[in-house]
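Structure first, commentary second.
The values are calculated or read from the model by the stated rules, or taken from the named source; none is laboratory data. Note that the coordinates shown come from a computational prediction; the quantities given were computed from them, not determined experimentally. Every residue, glycine among them, receives a Cβ derived from its backbone with ideal geometry; neighbour counts consider all protein chains shown.
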Amino acid sequence: MIAPMAIVLLAVAAWPLARTVALGFTDAGLTGGGADAAFVGWENYYAVFGGQPFGVLADPQWWRAVGNTLVFASVSVSLETVLGVLVALVLHRRFPGRAWVRAAVLVPWAIPTVVSAKIWAWMLNDQFGIINAVLLDLGLIATPLAWTADPLLSMVAVITVDVWKTTPFMALLVLAALEMLPRDIYEAARVDGIHPVRVFFRVTLPLIRPALIVAIVFRALDALRVFDLVYVLTANSPATMTMSVYARRELIDFQSAGTGSAAATLVVLVIALAAVTILMAGRLRRVGRPLEGAP
Amino acid sequence: MIRRLGLALVVALIVAVAVGPLLYAILTSLEGGGGLFTAGLWPDEPTLANYAAVFADQPFGRNILNSIVVAGGVVAVSLLLSLTAAYALARVAFRGRGLLLGTVLCVSMFPQVAVLSGMFLLIRSLGLYNSLAGLGLSYLMLTLPFTVWMLTTFLRQLPKELEEAAILDGAGPLTIIGRVFLPLLWPALVSTGLLAFVVAWNEFLFALTFTLTAETRTVPVAIALISGASQHELPWGRIMAASVIVTVPMVLLVLVFQRWIVSGLTAGAVKG
């Protein structure tokens, strides 16, 4: 019963992953189909030739990509979590037209990433974009900003688009968790005259925490492997290059299957490490503060 | 009163931020030649010229067809394969079940770039480079873990008595799946299939890497590669027209099936 699914997954996931890891230890080019490859040990990762260090681990661009990815993932997931919870709290209230508002919130999620990157690239266009026009009109800036060219601003732009696109996902998951909460606790809190902000931090947040942690892990793993948004919005710019963009550039643009595969293997390791760290942090806090859940 | 006004303002802001960019894209796509670079949100002379140009400049109709064929095929194969697997994972107790489910979940967390070179070799050795079949094969890695996981979650929620009666009557697993579960699973199959369709429709990295010619490109790659006379003069009107063409059906689909999609997303994530 399981065999067909398992065989397909072995063929399209396990086998390519194993080939990638193996290629990382060879000097294969992309065109030879792996047949011309010779084993080179750890050279793609780190090697010293004539006093010069080579390999992915000796490449400052790789470390910059790791840094970019970590900054991107941590800032955008944090913002998405906060905004997602806020939007969910608003949508949890009763008001006329709520079903329509919920539908509207789903729109950014339904737009393909490439398309949202293009729409935002146009809105952020330095000469004709609406965002610069509005900021100029409001007198907030004196000259147009080069959103997708300036090193710092391009990271801001990439994070903005990601937050815009994925906050709906976070908001929906939080909303689903909110709707499962028993109403009588809130009645009790209201009768006792406890301030809503205090109710949120003491009652709501601890109760939705398990769902929130699952959502954060999902989103963090997603953000750490980000490719299309960055690639379409800022291409191979070193200021925003993420680990996935770096690995693909080595592999396809530089036609170096060996180095590219080594970088791809490192991406898996970094993401696995991050996943374990987030899960440990989530668990430790739960053990460390056992009374947090008590209202 | 002030609190209600505040709530209304916050709601209006949320809706504006969520829908605004798409509306702006639609307005831009209707601008004629020079209107793009003049102030003013509303097009002075609304025109569909950009839409016509998208189809004239490249095989965009073909690209849309490619996307539909690949995403549809991948959804069909994924659902077929995962239905029987999910039955076993959800209803039959066997050793290593938890481990298997965990492995499937791990695959769905894989960074795509990790399999890029291995997948490239696989697709080339099968002679499927630059073909829709090769692209569809690679998409199974993205959709299959997800459909297995979702259908398993749905199947687990059904009461045990359902198949016990069928087993007493001597029905085999395939009969049970076909006669007992399938009629109950339609909503789950639709929401799972839709989400898988969205994943395949939006995919970019594999499509960019495993196709070469304009005729085999899918929509996201076609849009990303629309270019103008030089790098600094992108034809924004046409890019926005192409974006609107592929986005509006998706948005309508998501809005129509909103309830099912949300229940699917939350079943996949919250209960996981």
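General remarks:
Matching residues to (1) exposed (fewer than 12 other Cβ atoms within 10 Å of the Cβ); (2) at pLDDT 75 or above; (3) on the phi > 0 side of the Ramachandran plot:
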{"position": "A:ALA257", "(1), (2), (3)": "no, yes, no"}
{"position": "A:SER261", "(1), (2), (3)": "no, yes, no"}
{"position": "A:VAL270", "(1), (2), (3)": "no, yes, no"}
{"position": "A:ALA275", "(1), (2), (3)": "no, yes, no"}
{"position": "A:ARG286", "(1), (2), (3)": "no, no, no"}
{"position": "A:PRO290", "(1), (2), (3)": "yes, no, no"}
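- Exactly one residue out of A:GLY34, A:GLY41 is surrounded by fewer than 19 Cβ atoms within 10 Å (Cβ to Cβ) and modelled with pLDDT under 80: that is A:GLY41.
- Condition met for B:GLY193 (facing another protein chain (nearest Cβ under 10 Å) and touching a residue at least 12 places away in the same chain (Cβ under 8 Å)): no
Yes or no, residue by residue, for (1) within 11 Å of chain B (Cβ to nearest Cβ); (2) in contact (Cβ under 8 Å) with a residue 12 or more places away in the chain; (3) farther than 30 Å from A:LEU17 by Cβ:
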{"position": "A:LEU181", "(1), (2), (3)": "no, yes, yes"}
{"position": "A:ASP184", "(1), (2), (3)": "no, no, yes"}
{"position": "A:VAL203", "(1), (2), (3)": "no, yes, yes"}
{"position": "A:LEU207", "(1), (2), (3)": "no, yes, yes"}
{"position": "A:ARG225", "(1), (2), (3)": "yes, yes, no"}
{"position": "A:MET241", "(1), (2), (3)": "no, yes, no"}
{"position": "A:VAL245", "(1), (2), (3)": "yes, yes, no"}
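- Residue list for the range B:94-119, filter: more than 7 Å from every other protein chain (Cβ to nearest Cβ), part of a helix (DSSP H, G or I) and small (Gly, Ala, Ser): B:GLY98, B:GLY102, B:SER108
- Number of residues in the range A:47-105 that are among the acidic types (Asp, Glu) and surrounded by 18 or more Cβ atoms within 10 Å (Cβ to Cβ): the value is 1.
- Flag if A:ILE111 is closer than 27 Å to B:PRO111 by Cβ, under 24 Å from the mean Cα position of the chain (by Cα), facing another protein chain (nearest Cβ under 10 Å) and β-branched (Val, Ile, Thr): yes
- Residue list for the range B:196-232, filter: within 18 Å of B:GLY134 (Cβ to Cβ), of a type in the set (Ser, Thr, Tyr) and either in a loop (DSSP other than H, G, I, E, B) or without any contact (Cβ under 8 Å) to a residue 40 or more places away in the chain (or both): B:THR211, B:THR213, B:THR218
Listed here are the residues, each with its yes/no results for (1) in contact (Cβ under 8 Å) with a residue 24 or more places away in the chain; (2) more than 26 Å from the chain's Cα centre (by Cα).
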{"position": "A:ALA3", "(1), (2)": "no, yes"}
{"position": "A:ALA11", "(1), (2)": "no, yes"}
{"position": "A:TRP15", "(1), (2)": "no, no"}
{"position": "A:ASP27", "(1), (2)": "yes, yes"}
{"position": "A:VAL40", "(1), (2)": "yes, yes"}
{"position": "A:ALA47", "(1), (2)": "no, yes"}
{"position": "A:ALA65", "(1), (2)": "yes, no"}
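Each row is one residue, and each column tells you yes or no for (1) more than 22 Å from A:ARG19 (Cβ to Cβ); (2) at the interface with chain A (Cβ under 9 Å from one of its Cβ atoms); (3) in contact (Cβ under 8 Å) with a residue 60 or more places away in the chain.
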| position | (1), (2), (3) |
| --- | --- |
| B:ALA56 | yes, no, no |
| B:LEU89 | yes, yes, yes |
| B:ARG124 | no, yes, no |
| B:GLY136 | no, no, yes |
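- Residue count for the range A:134-164, restricted to those that are more than 15 Å from A:PRO238 (Cβ to Cβ) and either assigned to a loop (DSSP other than H, G, I, E, B) or more than 24 Å from the chain's Cα centre (by Cα) (or both): 14
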